[in-house]
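Undergrad: The structure is given below, and queries will be raised subsequently.
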Amino acid sequence: MVNDTSIIDNKHLSTTRKKVNYAKWGYIFIIPFFLIYAIFSLWPLLQTFFYSFFEMYSSGLDDIGPNFIGFGNYVKLFTTTHFFEYLGNTLILWILCFVPQIVVSLLLAVWFTDRRLKLKGQRFFKTVIYMPNLIMASAFGFLFITLLSPTGPIINMLMDAGILQEQFNILDSVWGTRAVIGLMNFLMWFGNTTLLLMSGVMGIDEDIFEAATVDGAGAFRTFFDITMPLLKPIFVYVFITSLIGGIQLFDVAQMFTRNSGGPDMTSETLIMYLNLTFRTSSNYGMAGAISVIIFIMTAALSIAVYFISYRDAAPKKRKKVKTDAK
């Protein structure tokens, strides 16, 4: 005979378990993240917007402001500064980094994930190509300053080989400086991009590649008709994150040019100009205006890239065809 008391206890226990609200605990666990984000990110962002409408800077020993001037900082930014030149420099440096980065990373990703090649030592090569991403940008900058200095090892080797007749300072060359900055960014980030693209290729069903091989598709046809279209989400992610990082480029260019921005400020980026504005005169208003413009540009470009990339995937409405009733 079954004990009625145990049956009642079991029913009460199951009822209690059903009443546990797991969603509530999920929200409780993410509260620390939102608190930290609100204190250290959201509040400074709102303050930046606020200060951008004020005249607030230091002139010698005198502090000017805060005086509300509306959009005065924005007008001054676009009319009396070299903002668009710095924007052009930033985009050029990003292109010099991104184009070789995506090409090399894509080739390496396809190469490492091709099961027909059966490459040995893949873990070693993956580790090696990712290691530059772990090096601080300041260390990278000092390394290239030493290697490419007029008395450095590379210039000496070129002189010994007869390629150069005299010492050459790479910082005196506009495109030389830009090329080196692009190279440093490429070396730092192509390993991370390679791993991202590799994860995308490995996520493609192997049966698709086998079916393409059975149908007689060659390596190039398989790459352009199968691999590339199915990697589109990863490509969009890589492009947007790289664009955001390119617009915020600062540390490598700052270290390599030694705060000078290259010859005639041709390698001065937007964040370098922001740092210069704040460092020289503590101009909170102008620095806030520059930060707001960079924020708006980054958000607008990211949204544009996203919607342009996925506009073909949106379902199209079928047009209703009217037919005459017979």
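Undergrad: Picking from 192, 275, 156, which is most flexible by a Gaussian network model of the chain using Cα springs under 10 Å?
TA: Looking only at 192, 275, 156, the largest GNM fluctuation is found for 156.
Undergrad: Calculate the spin-label point distance for residue 204 paired with residue 128, positioning each point 7 Å from the Cα along the beta-carbon direction, and give it in nanometres.
TA: 2.6 nm
Undergrad: Angle between the Cα long axis of helix 137-147 and the longest principal axis of the chain, 0 to 90 degrees, nearest 10?
TA: With both axes taken from Cα atoms, the answer is about 40 degrees.
Undergrad: Hey, another quick one. Considering the values (i) -0.18, -0.75; (ii) -0.38, -1.06; (iii) -0.21, -0.87, which represents log10 I(q)/I(0) by the Debye sum over Cα atoms at q = 0.06, 0.12 Å⁻¹ as calculated for the structure under consideration?
TA: The value matching this structure is (ii).
Undergrad: Kindly identify region 160-222 as rounded, prolate or oblate by the Cα gyration tensor criterion: order the square roots of the eigenvalues as a ≥ b ≥ c, call it rounded if a/c is under 1.5, otherwise compare a/b with b/c, prolate if a/b is larger, else oblate.
TA: Prolate is the answer for region 160-222, as a/c is 1.5 or above and a/b outweighs b/c.
Undergrad: Also, I was wondering about something else. How far is helix 83-113 tilted, in degrees, relative to the longest principal axis of the Cα atoms in the chain, given as a value from 0 to 90 rounded to the nearest 10?
TA: Approximately 50 degrees, to the nearest ten.
Undergrad: Residue 261's amide H: which non-local residues (gap 5+, or another chain) put their own amide H closer than 5 Å, with H modeled 1.01 Å from N in plane and none for Pro or chain starts?
TA: Here the answer is none, since no amide H 5 or more places off falls under 5 Å of that of residue 261.
Undergrad: Moving on to the next point. Can you tell me, using C-alpha contacts under 8 Å and at least 6 residues apart, the relative contact order of the chain as a whole percent?
TA: Averaging sequence separation for qualifying contacts and normalising by length gives 27 percent for the chain.
Undergrad: Relative to the longest principal Cα axis of the chain, at what angle does helix 270-281 sit, 0 to 90 degrees, rounded to 10?
TA: Relative to the chain, helix 270-281 is tipped by roughly 60 degrees.
Readers should treat all values here as calculations from the given coordinates under stated rules, not as data from a laboratory. Quick caveat: nothing in here was measured; it's all calculated off a predicted structure. Positions of Cβ are backbone-derived with ideal geometry, glycine not excepted, and every protein chain shown enters the neighbour counts.
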